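**Q** I'd like to ask some things about the structure below.
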Amino acid sequence: MDQAILLKAINTQMPFGKYAGRPLLLLPEPYLVWFHQQGFPAGQLGEQLALMYEVKRNGLETMLMPLLKENTDNRG
């Protein structure tokens, strides 16, 4: 796993829906599970959402929290 890819995914903001503007790392796990069941969107966003699904599934969210950019709206 390329560290830059992980860092970018963590800090990418959800571009649409109920959680628009929220960093992908801070998306609720049930939301990512729903995407996993329905199918992730095509392209880079889908890959990033799939990565965040795996992060949450493996309990790594807390470990990655320090990597969120300070200027990010950290709603939880």
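The values are calculated or read from the model by the stated rules, or taken from the named source; none is laboratory data. None of these values were measured; they are calculated from a predicted model. Using ideal geometry, Cβ is built from the backbone for each residue, glycine included, and neighbour counts are taken over all protein chains shown. Note: areas computed on protein heavy atoms with side chains; ligands, DNA, RNA excluded. Shrake-Rupley method; radii C 1.70, N 1.55, O 1.52, S 1.80 Å.
**Q** Filter segment 13-22 for residues that are touching a Pro at 6+ places or on another chain (Cβ under 9 Å) and either open to solvent by 40 Å² or more (accessible area, probe 1.4 Å) or hydroxyl-bearing (S, T, Y) (or both) and give the result.
**A** Result: Q13, Y19.
**Q** Only one of these is open to solvent by less than 30 Å² (accessible area, probe 1.4 Å) and either under 15 Å from K69 (Cβ atoms) or β-branched (V, I, T) (or both): L32, L6, L49, L25. Name it.
**A** One residue alone meets the criteria, L25.
**Q** Among what's in segment 11-42 and is among the aromatic types (F, W, Y) and assigned to a helix (DSSP H, G or I), pick the residue that is nearest to G59 (Cα to Cα).
**A** Y31
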